[in-house]
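Contents: one structure, followed by commentary.
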Amino acid sequence: MSQRSQQPLEGAAAPAATFEQRLNERRRNTEWKKDPRRIEPAECIGCDSCMRACPPQFSAIYNQGLDVVIVPELCNGCAKCVQACPVDCIYPDAEWQPTQESLWAYVEGQVNFRDQ
Ligand code: SF4
Ligand code: SF4
């Protein structure tokens, strides 16, 4: 398990318990014990089943160009997507990296559109 997923950011009081907090603060819930998941693009067939399976309170899966990607800061590792994937290409990611700003901006746009 990654150190990042266990340790709160310096000065961060709350664990980012809500989706809105995680999105606004761009960080994972520090109380989540499981590593986030990642999609292997070389194996993914782009069926979007995982997106439909990801619980709304996490909403961690998005289209990025031709790829389907998981935002690790939003993923609590529940594995609902794994159960839905027909080709078994979603893996635990202990070495996850912070999400790039361009993807965060896309996620914000999707959330704003969804909430309209
Ligand atoms: S592990 Fe759970 S929270 Fe993470 S992307 Fe899959 S369904 Fe969503
Ligand atoms: S369910 Fe699997 S194959 Fe389908 S888009 Fe998600 S990761 Fe790719």
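The values are calculated or read from the model by the stated rules, or taken from the named source; none is laboratory data. Because the structure is a prediction, the values reported are computed rather than measured. Every residue, glycine among them, receives a Cβ derived from its backbone with ideal geometry; neighbour counts consider all protein chains shown. We work out accessible area using only protein heavy atoms, side chains counted, and drop any ligands, DNA or RNA first. Shrake-Rupley method; radii C 1.70, N 1.55, O 1.52, S 1.80 Å.
Structure data summary
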read-out: The chain - percent of accessible surface contributed by carbon and sulfur, probe 1.4 Å; value: 50
read-out: Two-site FRET efficiency, D88 against Q116, from Cβ-Cβ distance with R₀ of 30 Å, rounded to 0.05; value: 0.30
read-out: Accessible surface, per residue, of the chain when the full set of protein chains is kept, probe 1.4 Å, Å²; value: 59
read-out: Degrees between helix 101-115 axis and first principal axis of the chain (Cα, 0 to 90, nearest 10); value: 80
read-out: Fraction of the pair-distance distribution of the chain above 21 Å, Cα-Cα pairs, percent; value: 33
